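First comes the structure, then the notes that go with it.
The values are calculated or read from the model by the stated rules, or taken from the named source; none is laboratory data. Here the structure is a predicted model, which means the values were calculated and not measured. Please note: Cβ atoms are built from the backbone with ideal geometry, for glycine as well, and neighbour counts cover all protein chains shown. With ligands, DNA and RNA removed, areas are computed over all heavy atoms of the protein, side chains included. Shrake-Rupley method; radii C 1.70, N 1.55, O 1.52, S 1.80 Å.
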Amino acid sequence: MGRIILKRVLFIIPTMLLLSFFTFALTYLSPSDPVTLRLERLNVKADTEYIEKMREEMGLNKPFFEQYTTWLKKAVKGDFGVSYYYSTDVGKEIKKRLPNTLVLAASTILVTIILSVPLGVLAAVNRNKWVDYFLRLISFFGVSMPSFWVGTLLMYYFSVRLKLFPLLGSGSAKHLVLPTATLAIWLTSMYIRRVRSSVLEELSKDYYLGQISLGLSKRKIIWTQILPNSLLAIVTMLGMSIGALLGGATIVESIFEWQGIGKMAVDAISIRDYPIIQGYVLWMALIYSVVNLLVDVSYQILDPRIRLEDQ
């Protein structure tokens, strides 16, 4: 397993380098001038001589590859430059927003697993019965509804009409409820369908039918054998979901003014804050690379057959 992990880690390095190059190149080719953007943010009017002096101080008058290598050396150490808008270190800004995103991601995943696993198993066990049809209908609507629409409805009914939860912000546990519900509705609906199909696939296999014929408890077989054997497909979805949530659920964070990484990225794009955008893209790439690595490792643990095939 150690050799497999090493191969995955070595694959991450060129991926990150390639992505960093294209990210920097796109911002470099942008028609907007970083100096002008910073001066506009500070509400300062400057002549051409002063602008050129600032460009020289920021290293913007150097050739592209020299600028890229200088930036890359700093980025490896966690220094992504200074935000044009916030006038603070990009790494510090990400660290400041990261706890909010972690809390939102953890609460969403927790609610999703608690609801989707038992409901998905219930739908599979009661295949083509009213319970199954009902859960499939609910999950269909849950997957179909856009997050921004669901979030707006929740805000209207629970914040504006009933005044049970704060409308916007991220200051307390009450602020967490509506963003979590918005994300969990879509994820839970998707997971119910996936759990159901995975469990149904296992229920059709010979080992289940054989154990039922021996008089073993159906409930015990499902929870001790069927569900664990269905975990591979679920783990893949879970890994991708965690990656997306840790990268910041941009739409939901923006709707609820949840001060996470996704909200930071949306704001940075709207005001052309390139250092923030560069830091965010690399953060997202690192998250997905690490999550994919953990998913691969979990495959080796959950299914010994995969481990034997890779040896």
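Numbers below:
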read-out: Complete set of residues in segment 66-86 that are in contact (Cβ under 8 Å) with a residue 12 or more places away in the chain and open to solvent by 70 Å² or more (accessible area, probe 1.4 Å); value: Tyr85
read-out: Number of the condition not met by Val90 [criteria: (1) under 19 Å from Leu286 (Cα atoms); (2) of a type outside the set (Ser, Thr, Tyr); (3) open to solvent by 80 Å² or more (accessible area, probe 1.4 Å)]; value: (3)
read-out: Of all residues making up segment 252-275, the number that are over 15 Å from the mean Cα position of the chain (by Cα) and part of a helix (DSSP H, G or I); value: 8
read-out: Whichever residue in segment 195-205 is touching a helix residue (DSSP H, G or I) at 6+ places or on another chain (Cβ under 6 Å) and open to solvent by 20 Å² or more (accessible area, probe 1.4 Å) and, among such residues, is modelled with the highest pLDDT; value: Arg196
read-out: Those residues of segment 106-138 which are hydrophobic (A, V, I, L, M, F, W, C), over 26 Å from Gln259 (Cα atoms) and in contact (Cβ under 8 Å) with a residue 40 or more places away in the chain, in sequence order; value: Leu115, Val117, Leu119, Val121, Ala123, Ala124, Val125, Leu135, Ile138
read-out: Boolean, Tyr191 is of a type in the set (Ser, Thr, Tyr), under 30 Å from Pro99 (Cβ atoms) and open to solvent by 80 Å² or more (accessible area, probe 1.4 Å); value: no
read-out: Selection status of Tyr280, within 15 Å of Asp79 (Cα to Cα) and more than 17 Å from the chain's Cα centre (by Cα); value: no
read-out: Matching helices (runs of 4 or more DSSP H) fully within segment 14-114 where at least 1 residues are at pLDDT below 75; value: 34-42, 48-57
read-out: Number of the condition not met by Val103 [criteria: (1) in contact (Cβ under 8 Å) with a residue 24 or more places away in the chain; (2) surrounded by fewer than 17 Cβ atoms within 10 Å (Cβ to Cβ); (3) β-branched (Val, Ile, Thr)]; value: (2)
read-out: Selection count where residues are in a helix (DSSP H, G or I) and within 21 Å of Leu209 (Cα to Cα), scope segment 115-131; value: 6
read-out: Residue among Pro179, Pro166 that is surrounded by 18 or more Cβ atoms within 10 Å (Cβ to Cβ), under 20 Å from the mean Cα position of the chain (by Cα) and of a type outside the set (Gly, Ala, Ser); value: Pro179
read-out: Residue in segment 274-288 that is surrounded by the most Cβ atoms within 10 Å (Cβ to Cβ), counting only those that are touching a residue at least 60 places away in the same chain (Cβ under 8 Å) and among the β-branched types (Val, Ile, Thr); value: Ile276
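Here's the yes/no breakdown for (1) of a type in the set (Asp, Glu); (2) closer than 27 Å to Ala173 by Cα; (3) modelled with pLDDT of 80 or more; (4) open to solvent by less than 40 Å² (accessible area, probe 1.4 Å):
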position	(1), (2), (3), (4)
Tyr207	no, no, no, no
Gln225	no, no, no, no
Ala233	no, no, no, yes
Thr236	no, no, no, no
Ala249	no, yes, no, yes
Glu257	yes, yes, yes, no
Gly260	no, yes, yes, yes
Met264	no, yes, yes, yes
Arg272	no, no, no, no
